[in-house]
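Chemist: Starting off with a structure, shown below.
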Amino acid sequence: MNIKTKKEMLPLKKIPSKKAAAKKRNDPSIRIDLRVDIKDHSGIVELALRKFSIAKKSAMPQDLKPMLATLINAPFNDADWQYELKIDGFRALGYLQDQKAEIRSRNNNSFNKKFADVHHALQNWKLNAVVDGEIAVLNEEGYPDFSSIQQWDQKKKGKLVFYVFDLLWVEGWNIMNEPLYKRRALLKQLVPDDGVIRFSDHIDEIGIDFFELTKQNNLEGIIAKQRDAAYYPDSRSKSWLKIKAEQKHEAVVCGFTKKKDTDRIFSSLVLGIYEKGKLVFIGQAGTGFSQSVQQDLMKKMKPHQTRKCPFTSEPVLSDKVVWLKPFLVCEVKYTERTSEGLMRHASFQGLREDKAAFELNTEMPVEIKSILPETEEEEDILVEPKLEQLVTFIDDHEMKFTNLTKLYWPKEKYTKGDLLNYYYSMADYIMPYMKDRPQSLNRFPGGIEGESFYHKNMGGKVDKWLKTFERFSESSGAPKDFLICTNTASLLYMANLGCIEMNPWHSRVHLPHAPDWSVIDLDPGDISFEKVIETARVVGDILNTLQIPSFPKTSGSTGIHIYIPLGAKYNYEQSKQLAELIANLVHEELPDFTSLVRNPQKRKDKIYIDYLQNRPIQTICAPYSVRPKPGATASAPLHWDEVKTGLKMEHFTMKNMLERVRAEGDLFKGVMGKGIDLNKVLKGLANLI
């Protein structure tokens, strides 16, 4: 799927899918264009009604409240579902009759004046209908910008659009009980071919890949809808599901603070949410305000000032608070929720004038399996059970796999064939961190309880179709030919040699001196894993303070790795120095149980913050790599909110990693992004040191 980058569209990038059905729909020729060319719609409704079976004659319904989606924890693929972009704007219903129009919020407040251009466009749409959609403002890159829509009636910055995605009533017919795909097919033909009103298109079946597109492009998420679903007004249905790509929350503004010695109008907003009818404190938002936004907010907050704290239990805050009656609703973005339910690093996004405070509740995602228990996909199998050897073609290369029943994990009864099946099924996810990288082969031909050895020099010892990369070795004083992983076939070639774990270089062969990432390796001695978690959290906090994107993963053994994307713009020495500076800051904060000493004998009971991994030819296990450890643990990319007490290595294994990545997507994808601006980071570090 490849969507052109134009202001009139949402520009997304292509992501391949392994499934045959997904491959068919994922062809680069497919475009999701949120504008639709149409013909004259006279007679279209009449023709469509002949195919409808549940439509009823009725007067135009009035004062409807829209159907809502249930929040779930993961995307999924299903041929009976279709997927739309979750657009960051204001939900609205449009009522059109006799060239008169009303546009109303989800609470039936008029949007006619606030979004006059949408109102005029509806008036000019020669149709009698009730439509459901989302009003958004697109920025210069063509993406929805919530802050711009929130201030639209004042600044009118950006491009105002009304994406319509459902048709409820048309030309005297109530079609809410008709299947969704029929309602949308008719709507698509009726939408004007240009202007403010646009059809919100969808893609069938491929929810997981589509969700990955939204994450890559920093969009809000996706909405999954059953193709046969009816429309149920004023109802939160499980036939419509939403999956968020960003951590956002709607909250009640309960007060504001002001620090001493500041010229800001206020320092932070004090936020809450209703739980079981009681207003509960969920944290403060201290960023996201321009001077003009603060001035506008203060005007709106002033009438609601009160001496009484609106919370059932008054929170302890460091600054003086001016309390507000719980009336205003805002949207905030945050990095995670703590175990106490507080938002970390909350940033104000804008007021939600379309929502009422009493409507808001803590919305926890529902487990997908409780709604769609049968959506689990079958695993891709290379080696059938009990097969001793296999000759097959992979990437057009004939390959022979041998000793497939050999027990690599005797206690768990996992075989070499199981390992090959794992890497075969996980190839799409692990290859971005393996492709075009020289490899350090750590071979375990007898399994985890047998002897192992490193095999780096592959010169003249591999099949002709495999590629190698020559590099001088300081340790041996001679050149070595490192095997390069180029595709799934070469990945499986290494696994067939007994490579349980995969150890790629940080750089690729076309830029061998420019690593794609810098890594901080937390390597514990005789100390609890809880201390490793605590150290990782401090690393994460420091990087967040410096506005450095970071991506944690378990090592699959005893430690945690934190990656920083460099975008192959800097050399290994710069990467090492960056990691060293951060390591020193972490050690200063946790001197009692961390160490920068490399000698293991001198740091037995401490966590070694290893920054020396960032040197040429040094390797570290790849994301999703299996480790030669009991339980067949795997190196698992994590959400930062998973790095907390209770995290265990054994939670992530060769047997459950595919299921996890299908549910969560590739959490490490950002590591291969454009990378940090090192000069900007160093300026930030100078302020901390």
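Chemist: Please calculate how many Å² of accessible area region 574-653 carries per residue, with a 1.4 Å probe and no DNA, RNA or ligand atoms counted.
Modeler: Dividing the accessible area of region 574-653 by its residue count gives 43 Å².
Chemist: Could you work out the equivalent-ellipsoid semi-axes for region 482-528, taking the square root of 5 times each eigenvalue of the Cα gyration tensor, largest first, in whole Å?
Modeler: 25, 19, 7
Chemist: Kindly write out, for region 584-600 in residue order, the coupling ³J(HN,Hα) from the Karplus curve 6.51 cos²θ - 1.76 cosθ + 1.60 (θ = phi - 60°), rounded to whole Hz, with x marking Gly and Pro.
Modeler: 5, 4, 5, 5, 4, 7, 10, x, 6, 9, 10, 8, 10, 7, 6, 5, x
Chemist: I've got another one for you. Work out, step by step, the length gained on full extension between S292 and D228: first 0.36 nm times the residue separation, then minus their alpha carbon distance; give nm to one decimal.
Modeler: 18.4 nm
Chemist: Also, quick follow-up: With label points built 7 Å along Cα→Cβ from the Cα atoms of T70 and T405, find their separation and express it in nm.
Modeler: About 4.6 nm separates the two model spin labels.
Chemist: Also, quick follow-up: At q = 0.15, 0.27, 0.29, 0.33 Å⁻¹, what log₁₀ I(q)/I(0) does region 627-674 have when each alpha carbon counts as one equal point scatterer in the Debye sum?
Modeler: For the requested q values the scattering log ratios are -0.44, -1.12, -1.18, -1.25.
Chemist: If you don't mind, there's one more thing I want to ask. Which values of log₁₀ I(q)/I(0), to two decimal places, follow from the Debye formula for the chain at q = 0.05, 0.09, 0.10, 0.11 Å⁻¹ with a uniform point scatterer at every Cα?
Modeler: The calculated log intensity ratios at q = 0.05, 0.09, 0.10, 0.11 Å⁻¹ are -0.29, -0.90, -1.07, -1.23.
Chemist: Under the rule of at least 5 residues apart or a separate chain, name every residue whose amide H is placed under 5 Å from the amide H of W169.
Modeler: Amide H to amide H, under 5 Å and 5 or more residues apart or across chains, W169 pairs with V130, I175.
Chemist: Would you mind calculating the gained length between N177 and K308 on full extension (0.36 nm times residue separation, minus the Cα-Cα distance), in nm to one decimal?
Modeler: Value of the extension gain: 42.4 nm.
Chemist: Counting Lys and Arg as +1 and Asp and Glu as -1, each charge on the Cβ, what is the dipole of the chain about the Cα centre in debye, to the nearest 20?
Modeler: Using Cβ point charges on Lys, Arg, Asp and Glu, the chain gives about 1220 debye.
Chemist: Summarise the accessible area of the chain (1.4 Å probe, protein heavy atoms) by the percent that is carbon and sulfur.
Modeler: The nonpolar share, carbon plus sulfur, comes to 48 percent.
Chemist: Related question: To the nearest Å, what is the center-to-center distance of region 413-468 and region 219-265, using C-alpha atoms only?
Modeler: Between the Cα centre of region 413-468 and that of region 219-265, the gap is 44 Å.
Chemist: Which listed residue (T486, I208, A634) has the Cα farthest towards the positive end of the charge dipole for the chain, taking +1 on Lys and Arg C-beta and -1 on Asp and Glu C-beta about the Cα centre?
Modeler: I208
Chemist: A further question follows. Pull up all non-local amide H partners of A245: gap of 5 or more, or a different chain, and H-to-H distance under 5 Å with H placed in the peptide plane.
Modeler: Amide H neighbours of A245: G221, I222.
Chemist: Apply the Karplus parameterisation 6.51 cos²θ - 1.76 cosθ + 1.60, with θ equal to phi minus 60°, to every residue of region 288-296 and state each ³J(HN,Hα) to the nearest whole Hz, in sequence, with x for glycine and proline.
Modeler: x, 10, 7, 4, 5, 5, 4, 4, 5
Chemist: To continue, here is another question. Find which of N139, Q123, Q150 sits farthest along the positive direction of the dipole of region 102-159, computed with +1 on the beta-carbon of Lys and Arg, -1 on that of Asp and Glu, about the Cα centre.
Modeler: Q123
Chemist: Counting only residues 5 or more places away or on other chains, whose amide H sits under 5 Å from the amide H of T306 once H atoms are built in the peptide plane?
Modeler: Sorted by chain and number, the residues that satisfy this are W323, L324, K325.
Chemist: Taking every pair of Cα atoms in region 586-628, average 1/r, invert it to obtain the Kirkwood radius, and report Rg/Rh to two decimals.
Modeler: Checking Rg against Rh, the ratio lands at 1.05.
Chemist: Shifting gears a bit: Lys and Arg at +1, Asp and Glu at -1: add these up for the other residues within a Cβ distance under 12 Å of A136 and post the number.
Modeler: Net charge in that neighbourhood comes out at 0.
Chemist: Pull up the DSSP beta bridges for the chain and report the antiparallel fraction as a percent, rounded to 5.
Modeler: 90 percent
Chemist: On average, how much area does the Cα convex hull of region 588-689 cover when viewed from any direction, in nm²?
Modeler: The number I arrive at for region 588-689 is 9.5 nm².
Chemist: Short version: ³J(HN,Hα) in whole Hz for each residue of region 258-263, in order, from phi by Karplus 6.51 cos²θ - 1.76 cosθ + 1.60 (θ = phi - 60°), x for Gly and Pro, what are they?
Modeler: The phi angles translate into 9, 6, 6, 6, 9, 9 Hz.
Chemist: How big is region 439-522 along each principal axis, measuring the range of its Cα positions in Å and listing the largest first?
Modeler: Dimensions of region 439-522 along the principal axes of its Cα atoms: 38, 35, 30 Å.
Chemist: Another question, then. Can you bin every Cα-Cα distance in region 491-603 into 10 Å intervals starting at zero and give me the percent of pairs per bin, rounded to whole numbers?
Modeler: Going from the shortest bin to the longest, the percentages are 12, 39, 34, 13, 1.
Chemist: Quick one: net charge of M176's neighbours, Cβ under 11 Å, K/R +1, D/E -1?
Modeler: Here the count lands on -1.
Chemist: Listed here are the pairs K157/K569; K157/K278; K242/K553; which of them are more than 32 Å apart at the Cα?
Modeler: From the list (K157/K569; K157/K278; K242/K553), the Cα-Cα distance tops 32 Å for K157/K569; K157/K278.
Chemist: With N set to the number of residues, divide the alpha-carbon radius of gyration of region 540-659 by 2.2 N^0.38 Å and report two decimals.
Modeler: Cα Rg divided by the expected 2.2 N^0.38 Å: 1.11.
Chemist: State which entries of K325/K355; K244/K355; K456/K648; K51/K86 exceed 22 angstrom in Cα-Cα distance in the structure shown.
Modeler: Violating the 22 Å Cα-Cα cut-off are K456/K648; K51/K86.
Chemist: Which of the GluC sites (Glu not before Pro) across region 411-507 are loop residues per DSSP, with 16 or fewer other Cβ within 10 Å?
Modeler: Answer in residue order: E412, E449, E451, E474.
Chemist: Shifting gears a bit: Just to confirm a number: summing +1 for Lys and Arg and -1 for Asp and Glu over residues other than L638 whose beta-carbon lies under 13 angstrom from that of L638, what do you get?
Modeler: Charge balance in the 13 Å sphere: 0.
The values are calculated or read from the model by the stated rules, or taken from the named source; none is laboratory data. Everything numeric in this text was worked out from a predicted model, so none of it was measured. Note that we place each Cβ from the backbone using ideal geometry, even for glycine, and neighbour counts take in every protein chain shown. Quick note on the areas: whole protein, heavy atoms, side chains included, nothing else; ligands and nucleic acids left out. Shrake-Rupley method; radii C 1.70, N 1.55, O 1.52, S 1.80 Å.
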